[in-house]
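Participant: Pasting a structure below so you can have a look.
Every number here is computed from the coordinates shown, using simple stated rules; none is lab data. Only a predicted model underlies this, so the values are computations on that prediction, with no experimental measurement involved. Neighbour counts run over all protein chains shown; Cβ positions are idealised from the backbone, glycine included.
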Amino acid sequence: MDRVAILDHQFRVAAYVVTWLIQLGYLAWLGLRWRSQKRQSQR
């Protein structure tokens, strides 16, 4: 593989990792908000 192909592959992998981290972080944030609202509705 040439250097451009390797760099392109590394950039693509990094972009996927960042995208998944953002999505999982958002899902965790939604879960925390849902749990908070669930606790408030039980009061």
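Participant: Between Gln40 and Val18, how many nm apart are label points set 7 Å from Cα along the C-beta direction?
Facilitator: The modelled label-to-label distance comes out at 3.3 nm.
Participant: Once each part is reduced to its C-alpha centroid, what is the distance from region 22-43 to region 4-18 in angstrom?
Facilitator: Answer, in whole Å: 32.
Participant: Pairing the Cα long axis of helix 3-42 with the longest principal axis of the chain, what angle in degrees results, from 0 to 90 and rounded to the nearest 10?
Facilitator: Rounded to the nearest ten degrees, it is 0.
Participant: Once the dipole of the chain is set up with Lys and Arg at +1 and Asp and Glu at -1 on Cβ about the Cα centre, which of Ile6, Ala28, Tyr16 lies farthest towards its positive end?
Facilitator: Ranked along the dipole, the leading option is Ala28.
Participant: Also, I was wondering about something else. How many Å³ per residue does the convex hull of the Cα positions in the chain occupy?
Facilitator: 27
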